[in-house]
Amino acid sequence: MQNCIFCKIIAREIPGDIVFEDDSIIAFRDIQPLAPVHVLVVPKEHYRSLDELPSGDLLNAGNILLAIKNVAEQLGVSGGYKVVTNCGEPAGQVVPHLHFHILAGKKFVP
Ligand code: AMP
Ligand code: ZN
């Protein structure tokens, strides 16, 4: 999607510190990390948020969840990480392309 910063990273139009990529998912380090490990797991298809993920899209939903697990393992934080998705502006979503934060190395509340 035009003017989407994450679509631009996916298309290699702007740089990203990519830690994982396959046909449908990319993961890169957050540019303003809130924890020692802060990686964003992002489906390549442009959905604005989790609300827009089609209800029947079990393939994408399952792939995203497993990619989060695999990326956490690759980053060496299995057993000690938090996964967050901000859904909509009231929840603090700034980039309107569905993404999941993996945060580790620091205690978070809640
Ligand atoms: P959210 O508030 O859930 O929309 O989070 C968006 C996240 O994207 C923030 O943590 C930003 O620091 C991060 N971010 C914004 N632009 C970039 C970028 N070019 N590369 C990596 N992370 C980014
Ligand atoms: Zn996008």
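Remarks
- Restricting the first member to region 50-68 and to residues that are under 15 Å from H97 (Cα atoms), and the second to residues that are among the β-branched types (V, I, T), the beta-carbon pairs closer than 8 Å and six or more apart or on different chains are L50/T85; I64/I25; I64/V41.
- Taken together, the residues in region 88-110 that are surrounded by fewer than 15 Cβ atoms within 10 Å (Cβ to Cβ) and part of a loop (DSSP other than H, G, I, E, B) amount to 10.
- Filter result for I25 (under 20 Å from M1 (Cβ atoms), surrounded by 11 or more Cβ atoms within 10 Å (Cβ to Cβ) and either at pLDDT 95 or above or within 15 Å of ligand 1 (Cβ to nearest atom) (or both)): yes
The values are calculated or read from the model by the stated rules, or taken from the named source; none is laboratory data. Please read these numbers as outputs of a predicted model, since none were measured by experiment. Cβ: placed from backbone, ideal geometry, glycine included. Neighbour counts: every protein chain shown.
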